[in-house]
Amino acid sequence: MRLRVLGCSGGIGDGGHTTSFLVDDDLLIDAGTGVCGLDIAALARIDHVFVTHAHLDHVCGLAFIIDSVFGHRRAPLRVHALPATLAALRDHMFNGVIWPDFTRLRSHGQPSLEFIEFDVGAVFESAGRRVEALPAAHQVPAVGYRVDAPSGRSFVFTGDTAACPARWDAVNRIPDLALLVIETAFCNAEADLALRSQHLCPASLADDIAALAARPALRITHLKPSDAQLTMEEVRAAIPRFDPLPLRDGEVFTF
Ligand SMILES: Nc1ncnc2c1ncn2[C@@H]1O[C@@H]2COP(=O)(O)O[C@H]2[C@H]1O
């Protein structure tokens, strides 16, 4: 199984793209601006999108993906998310005003877009891969994801989240955790903003991650671009034993 980072920035600017991860060529986790680098054929191969939450930096690409592949696909593009996330997408994006309601527009006799409710703990399986929604704590209902490869190795993406003890209960049950992608949006000087917007900063990351039992490769994601370098320096100082590295757009991992 291959994981390709299409976008992992906490914003735009300096060439960064917002969150989107491609698993093999058919599963997408979040649909931020990172999807803009894919060609039409690659976009048309995506069958399932697992959305962490409804914030624009994680879902804006959905609107453009479905418009670009409309007519190219024989099956609906299936979007898996919490009921509250799907309700937000229905009400505020695919509402016939901001964007057409592609769940009603048919292509080759099928709905173009299908929404599938996916609660914390739900498991989706396809071609030996397994995707499980994990708890997260954000300003709006949110999840993270555990993805298991056919090899038995796993990666975890926390999504946007503040400290979340329930996540670690689930993560600590994973037998072979190869990679943890955890957010740290803000630097320590923005700790108040991190708290208000339900993100981590290096100090709260250190407290939160103390509950992690395993020692996977660790990548930091969703760094706000204006303070990315400072935030990474603070992360390295806060959790040196984890040897954290910043996640990079374009990075590829195999499991
Ligand atoms: N209470 C707040 N005050 C100022 N900015 C906020 C607040 N809540 C959210 N934000 C910003 O809005 C952004 C929405 O996307 P993010 O959650 O990535 O990061 C968030 C912050 O950068």
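Descriptive notes on the structure:
- Close Cβ contacts (under 9 Å, 6 or more residues apart or on different chains) running from residues in region 233-249 that are farther than 14 Å from A210 by Cα to residues that are at pLDDT 95 or above and of a type in the set (D, E) comprise R236/D243.
- For region 104-125, residues that are closer than 26 Å to H55 by Cβ and either surrounded by fewer than 18 Cβ atoms within 10 Å (Cβ to Cβ) or touching a residue at least 40 places away in the same chain (Cβ under 8 Å) (or both) total 15.
- Members of region 14-59 that are under 10 Å from the mean Cα position of the chain (by Cα) and of a type in the set (S, T, N, Q): T18, T19, S20, T52
- Residue within region 42-62 that is of a type in the set (D, E), more than 21 Å from I98 (Cα to Cα) and either within 16 Å of the ligand (Cβ to nearest atom) or touching a Lys or Arg at 6+ places or on another chain (Cβ under 7 Å) (or both) present: yes
- Output for region 72-97, where each listed residue is surrounded by fewer than 15 Cβ atoms within 10 Å (Cβ to Cβ) and touching a residue at least 24 places away in the same chain (Cβ under 8 Å): H72, R74, A75, P83, A84, R90, H92
- Qualifying residues in region 15-31 (those that are more than 18 Å from V131 (Cβ to Cβ) and within 16 Å of the ligand (Cβ to nearest atom)) - the one surrounded by the fewest Cβ atoms within 10 Å (Cβ to Cβ): G16
- Output for region 47-67, where each listed residue is more than 24 Å from E183 (Cα to Cα) and in contact with an Asp or Glu (Cβ under 6 Å, 6 or more places away or on another chain): D47
- Listed by position, the helices (runs of 4 or more DSSP H) contained in region 104-223 that have at least 1 residues being more than 16 Å from the ligand (Cβ to nearest atom) are 165-171, 202-209.
- From the list S204, S197, the lone residue that is in contact with a His (Cβ under 9 Å, 6 or more places away or on another chain) and either crowded, with 18+ Cβ neighbours inside 10 Å or within 18 Å of S9 (Cβ to Cβ) (or both) is S197.
- Verdict on G71 being at pLDDT below 95 and farther than 24 Å from R219 by Cβ: yes
The values are calculated or read from the model by the stated rules, or taken from the named source; none is laboratory data. None of the values given here were measured: they were computed from a predicted structure. A quick note on method: Cβ atoms are made from the backbone with ideal geometry, for glycine too, and the neighbour counts reach across all protein chains shown.
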